[in-house]
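The values are calculated or read from the model by the stated rules, or taken from the named source; none is laboratory data. What you see is a predicted model, and the numbers here were worked out from it, not measured in a lab. We place every Cβ from the backbone using ideal geometry, glycine too, and count neighbours over all the protein chains shown.
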Amino acid sequence: MTKNLRVKTSKFIDETYKVSFKFNGKTYYGFKGDTLASALLANDIHLVARSFKYHRPRGIMTAGSEEPNAIVQLHKNTSRTEPNVRATEIEIYDGLEASSQNCWPSVNFDIGGINNFLSPVLPAGFYYKTFMWPASFWEKYEYFIRKSAGLGKSPSTPDPDIYEHRYIHCDVLIIGAGISGVMAAKVAAKNGFKTLLIEEKNYLGGETIYQDSEHFKINNQTSGSWLDKEINEIKKIKNLEIKTRTSVAAFHGYNFLLARENLTDHLPIEQRNGKTRQRLLKIRAKKVITATGSLERPLIFDNNDRPGILLSSAINKYASLFGVACGEKNILFTNNDSAYETAANLFKKGISIEAIIDNREEIDSKLIKESEKNNIKIYKGYTIVDTYGYKRINKISIMQLSKDGQKVVGSKILIPCDCLGISGGWTPSVHLFTQSGGKLKFRDNDQVFIPNTYPSDQISIGSCNGDFTLDEILSNISKTLKEFLGINKTGYENLEVQTSFNKSKRNIWLLPSDKIVGKTKSFVDFQNDATAKDIKLALREGFRSIEHVKRYTTTGMGTDQGKLGNMHALGIISEISGSKMGELGTTTFRPPYTPLTFGTIVGRNVGEYFDVYRKTPMHDWHVKNKAKFENVGQWKRAWYYPKNNESMHDAVQRESKAARDSAGILDASTLGKIDIQGTDASEFLNRVYTNAWSKLDIGKCRYGLMLNEDGMVYDDGVTTRLNENHYIMTTTTGGAATVLGKLEDYLQTEWPELDVYLTSVTDHYATISVCGPKSKKIISQVIPNLDLSDDNFPHMSFKDTKINEIKCRVMRISFTGEQSYEINVQANYGKSVWEKCMKAGKEFNITPYGTETMHLLRAEKGFIIVGQDTDATMTPIDLQMNWIVSKKKYDFIGKRSLYRSDTMRDDRKQLVGLLTENPDEILEEGAQIVANFNKSPVEMLGHVTSSYYSPNLKKSIALGFVRGGKNMMGQKLIIPMENKKINVTVADPVFLDKENKRLNA
Amino acid sequence: MFIIHCPYCGEREQSEFKAGGEAHISRPKQPSELSDDQWAEYLFMRKNIKGVQYERWVHTHGCRKWFNIIRDTSNDQIQAVYKMGEKPPIK
């Protein structure tokens, strides 16, 4: 029988709206406004999870995003199920389904709980130490380790939700809408700044909004009701945008921030369809005000992790904001005044408090006096030494602290309870500040790290800056904002503040026990089960750096990133090692502050939008004619055109044969085209290509090879001289952008004196290449008025002409070794000219061919493909292309490097042809080449770069790189494969038509 | 992600630019007269310091112009931006 622990109507909860939800398969009810955590607590459910390593029962511990324990699996279906969601952050809706993680068969009875009893043999570094030997057993260990590791299950089918990215620019960004954030937002917006206020919760006002105690007053109203009026006011300001349910994930340099806006997670599933689920906000702010508040610290004592143990501030929040009592017999344990605030609020709501255990001796505080007046038993100078109850706390034992706080004295007192609130003071949330590059300083008097130096135009205010009490916050905020925003008045200069808070605190990082440390389980990191004992062990084993201790013990490495316990880990290390905390420093705070979904990160860039792709003007024709496509850079290029269920091999053989026997047609539009103009264009080409360009006649084309300054082949292509000072350069498809970039670099930075202008015109033209013995006949039909005689239009020249009224440029250049014509037309005419060629070529069996056939045809001729046959370690000499390297030119890019001792070596890998002993055997590209198996290790001489079966030569041909291959002509080599060795002979890389007769056939 | 003040376009996001390594290394006017060591020095040796560094950048997705910046690599603060061929405004 579950109890109803709803105490008193809260204005934040809509009790008229009942919400039903399922937890671990059972149906419960809560109200609109509840979080999953508050609704479970109202049903008296504390046990919600099992811990990671020891599988100890764990309950809800906090009321916010810092929650280490209550992380659950959300949704049942395979596409939306989401692991590691904090129950303290989920707003409940009708039909919500959540379940516990890391337990089997159930959270109530978990087999893994045996780890708890094995804990003496599961110390820090257990895995490192145990599974090292024998090394060959690792695979077996791994299976079990993987099985026991990880929390929750990831979805197994695609995410149906929509995510998006949005850029926001603002003058002032305020992170956190607690009292400081609200005040800052009002001041900034009222002073004309375009202001953005971001809050991770669904309401504004932070911890102050539910404060209605007489002890905290502003202008004679309770701080809660004063703040409520301020919030109502800022909601009306036009230049202030407020985003709730939005969590800042990362704070980068130059005030660039990423935030996740949750849009539909609080809605019933059926209301989410078609709506964007989450949005990644990319915010660029001129000024940032961080008002992220602070997190209450736990206290570290034996068995401080049982269900029913919460932060004292969380108990206060559940009672005041959600109207839920976390227990019927409550005890508070504290080292500062905060717990008495909780006590006062619980008392007011009629929730009983059995006792307050205070580390401190006698303190003069109005808050304590009120608790005493309310007849709450206060144990001053005491500490808890142990707690009892397996699945829910039922008892604590306390002892008196010695004067120095190092040990316990006197006798044990047992006090029964069902809920324990702990308060160890407050830790400023400096995560985002340090992510931005800010440096912290340590404040000794209350043991906190606070912001010290700012790397950008930003400021931290309120409790994240170490101002914990209302009077401190309010007295500093006006001055800080005036300075930061450069304004004269904030309107908050004369606030009247009353507060009863006494700031004294007795900080003991690890509370003493009557047991020795080795016998205690005092948890520092609740999610990862790292205890004080583990940290001490790490130190004993020689770890000193906080970063090393963290990784060895896994302290702070859970999904909560140790938001609660990291300070205690530091404190314990500091105490043992004797170094000051300020000198130890903190571990690095890394984004995101709270976990992000992959969906948010990816946004709309999924499926076909993952990357843009480029289509040629003839793309639709290729699709219609059943082409298979391959990706070349961002281009979709026709790969081959299978006919009647042809295999790729068959299609390529047919296409290759047709291109040499009659005619082939290729879409070459993707080749990069750079328009080069200027009086120094020829000189420029002289400097960037290895061969000479000054004497190229107008109307002629020339093949050029481009090197990097290190002498390695970078790109190649044909460049045409259109006019005295006008060239058009073609580049490889993939190299177009980088070649242009490189040429611009040289022009602007090394040779600014040259009068040369570069423009990319790749997309402006469609390029249709018609090749083969019948190509001349086909072109003569397509362009009847063009004189195609070899005298008028020889190989390596171009003509400007017209097809009907369409201007076109025809180049007689060849990448196949066949006579061929390349027609360039304005892109939008590409498809119609292509179709014209197909029509004219029909009687000659014109055959469209794709990139694969193109590769085969050029391999028959021994033409290289930059990027396939080269890999940025090949000089033109290695490629046996000495003919293209000018000896006369004084300089060109990469020339000097061709004369380095290394590039001049004779035994470099050089391009050769390879012929297999069995002419039907096709080599595998990438296969290794060796000469001798007798020497061990076997020396790899090189590898195969291109390999095909040539239908025109009726044999297998290949290109490859072989060490010293230039001088190995005719030599036998071996290609070792997985299950055989293939014998090959080194050959001339030009396999077909060495005399280039076919060009003019 | 920092913001760079392109001397031709003004303030733009870093993602519009590409870094081009250390600045003020001129290509030798007469490469053929250099020893292998001297050529290697020009070709391969670049500084990569923590602190103030002179760098080349290009506004790839903008005006395509190259320019120099002075950047503190430890905190990405850009101390100056100046055009190619100009002397660094600060030492």
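When you check A:Thr762 against the structure, is it in the same structural domain as A:Asn723 (by TED's automatic domain parsing), touching a helix residue (DSSP H, G or I) at 6+ places or on another chain (Cβ under 7 Å) and β-branched (Val, Ile, Thr), yes or no?
When the stated conditions are applied, A:Thr762 passes them.
Of the residues that make up the range A:226-246, is at least one over 29 Å from A:Pro68 (Cβ atoms), surrounded by 19 or more Cβ atoms within 10 Å (Cβ to Cβ) and within 14 Å of chain B (Cβ to nearest Cβ)?
No, the range A:226-246 has no match at all.
Using the structure shown, decide if B:His59 is more than 9 Å from chain A (Cβ to nearest Cβ), closer than 17 Å to B:Ile78 by Cβ and free of Cβ contacts under 8 Å to residues at least 60 places away in the same chain.
It is true that B:His59 is more than 9 Å from chain A (Cβ to nearest Cβ), closer than 17 Å to B:Ile78 by Cβ and free of Cβ contacts under 8 Å to residues at least 60 places away in the same chain.
What number of residues in the range A:524-545 are touching a Pro at 6+ places or on another chain (Cβ under 8 Å), under 20 Å from A:Asp560 (Cβ atoms) and not in a loop (DSSP other than H, G, I, E, B)?
2
Considering only the range A:894-918, how many residues are among the basic types (Lys, Arg), within 14 Å of chain B (Cβ to nearest Cβ) and assigned to a loop (DSSP other than H, G, I, E, B)?
The number of residues fulfilling the criteria is 3.
So A:Gly717 clears everything in (1) under 27 Å from A:Glu630 (Cα atoms); (2) surrounded by fewer than 21 Cβ atoms within 10 Å (Cβ to Cβ) except one condition, right? Which one?
Tallying (1) under 27 Å from A:Glu630 (Cα atoms); (2) surrounded by fewer than 21 Cβ atoms within 10 Å (Cβ to Cβ), A:Gly717 fails exactly one: (2).
Residue by residue through the range A:514-545, note down the ones that are under 20 Å from A:Pro298 (Cα atoms) and among the β-branched types (Val, Ile, Thr).
A:Val517, A:Thr520, A:Val524, A:Thr531, A:Ile535
Return a yes/no flag: does the range A:950-963 have any residue that is in contact with a Leu (Cβ under 7 Å, 6 or more places away or on another chain) and in a loop (DSSP other than H, G, I, E, B).
Scanning the range A:950-963 turns up at least one residue that is in contact with a Leu (Cβ under 7 Å, 6 or more places away or on another chain) and in a loop (DSSP other than H, G, I, E, B).
Give the residue that is surrounded by the most Cβ atoms within 10 Å (Cβ to Cβ), with candidates limited to residues of the range A:359-398 that are of a type in the set (Lys, Arg) and free of Cβ contacts under 8 Å to residues at least 12 places away in the same chain.
A:Lys369
Restricting to the range A:634-677, count the residues that are out of contact with any Cys (no Cβ under 8 Å at 6 or more places or on another chain), assigned to a loop (DSSP other than H, G, I, E, B) and touching a residue at least 60 places away in the same chain (Cβ under 8 Å).
So the count comes out to 6.
Considering only residues that are outside any strand (DSSP E or B), touching a Gly at 6+ places or on another chain (Cβ under 9 Å) and of a type in the set (A, V, I, L, M, F, W, C), which ones fall in the range A:762-784?
Within the range A:762-784, A:Ile778, A:Val782 qualify.
Can you tell me how many residues in the range B:74-90 are within 12 Å of another protein chain (Cβ to nearest Cβ) and not hydrophobic (A, V, I, L, M, F, W, C)?
7
With the requirement that a residue be at pLDDT below 90 and touching a helix residue (DSSP H, G or I) at 6+ places or on another chain (Cβ under 9 Å), what does the range A:81-110 give you?
Passing the criteria: A:Asn102, A:Cys103, A:Trp104, A:Pro105.
Return the total of residues in the range A:425-479 being crowded, with 16+ Cβ neighbours inside 10 Å and assigned to a strand (DSSP E or B).
Counting residues in the range A:425-479 that are crowded, with 16+ Cβ neighbours inside 10 Å and assigned to a strand (DSSP E or B) gives 12.
Filter the range A:732-756 down to the residues that are closer than 26 Å to A:Val713 by Cβ and not in a helix (DSSP H, G or I), then identify the one that is nearest to the other protein chains (Cβ to nearest Cβ).
Of everything passing the filter in the range A:732-756, A:Trp751 is nearest to the other protein chains (Cβ to nearest Cβ).
Limited to the range A:588-642, what total is found for residues that are within 26 Å of A:Met854 (Cα to Cα) and of a type in the set (A, V, I, L, M)?
6
Among the residues of the range A:884-893, is any over 14 Å from A:Ile768 (Cα atoms), within 14 Å of another protein chain (Cβ to nearest Cβ) and within 41 Å of the chain's Cα centre (by Cα)?
For the range A:884-893, residues over 14 Å from A:Ile768 (Cα atoms), within 14 Å of another protein chain (Cβ to nearest Cβ) and within 41 Å of the chain's Cα centre (by Cα): present.
Taking the stated definitions as given, is A:Gly894 at pLDDT 95 or above and at positive phi?
yes
Determine whether A:Phe251 is within 24 Å of the chain's Cα centre (by Cα), without any contact (Cβ under 8 Å) to a residue 40 or more places away in the chain and within 14 Å of chain B (Cβ to nearest Cβ).
no
In the range A:406-421, which residues are out of contact with any helix residue (DSSP H, G or I) (no Cβ under 6 Å at 6 or more places or on another chain) and either crowded, with 17+ Cβ neighbours inside 10 Å or within 14 Å of another protein chain (Cβ to nearest Cβ) (or both)?
Once the filter is applied, which keeps residues that are out of contact with any helix residue (DSSP H, G or I) (no Cβ under 6 Å at 6 or more places or on another chain) and either crowded, with 17+ Cβ neighbours inside 10 Å or within 14 Å of another protein chain (Cβ to nearest Cβ) (or both), the range A:406-421 yields A:Val408, A:Ile415, A:Cys417, A:Asp418, A:Cys419, A:Leu420.
Give all pairs with beta carbons closer than 7 Å in which a residue from the range B:77-89 that is surrounded by fewer than 12 Cβ atoms within 10 Å (Cβ to Cβ) meets a residue that is of a type in the set (Gly, Ala, Ser); count only pairs at least 6 apart in sequence or on separate chains.
B:Pro89/B:Ala80
Let me spell it out: the conditions are (1) closer than 22 Å to A:Met796 by Cα; (2) within 14 Å of another protein chain (Cβ to nearest Cβ); (3) not aromatic (Phe, Trp, Tyr), and A:Gly711 meets all of them except one. Which number is the exception?
Every condition holds for A:Gly711 apart from (1).
Give, as residue ranges, the strands (runs of 3 or more DSSP E) completely inside the range A:265-319 that count at least 1 residues that are touching an Asp or Glu at 6+ places or on another chain (Cβ under 7 Å) and surrounded by fewer than 24 Cβ atoms within 10 Å (Cβ to Cβ).
Where strands (runs of 3 or more DSSP E) fall fully within the range A:265-319 and carry at least 1 residues being touching an Asp or Glu at 6+ places or on another chain (Cβ under 7 Å) and surrounded by fewer than 24 Cβ atoms within 10 Å (Cβ to Cβ), they are A:276-290, A:294-296.
Which of the residues that make up the range B:7-48 are away from chain A (no Cβ under 11 Å), more than 19 Å from B:Trp66 (Cα to Cα) and either touching a Pro at 6+ places or on another chain (Cβ under 8 Å) or in a loop (DSSP other than H, G, I, E, B) (or both)?
Once the filter is applied, which keeps residues that are away from chain A (no Cβ under 11 Å), more than 19 Å from B:Trp66 (Cα to Cα) and either touching a Pro at 6+ places or on another chain (Cβ under 8 Å) or in a loop (DSSP other than H, G, I, E, B) (or both), the range B:7-48 yields B:Met45, B:Lys47, B:Asn48.
Hey, any hits in the range A:923-940 for a residue that's among the acidic types (Asp, Glu), farther than 27 Å from A:Leu992 by Cα and more than 14 Å from every other protein chain (Cβ to nearest Cβ)?
yes
Condition first: surrounded by 22 or more Cβ atoms within 10 Å (Cβ to Cβ) and of a type in the set (Val, Ile, Thr). Now tell me which residues in the range A:946-974 satisfy that.
Hits for the range A:946-974 are A:Ile957, A:Val962.
Does A:Ile929 fit the bill of being of a type in the set (Val, Ile, Thr) and either free of Cβ contacts under 8 Å to residues at least 12 places away in the same chain or part of a strand (DSSP E or B) (or both)?
So A:Ile929 passes the test.
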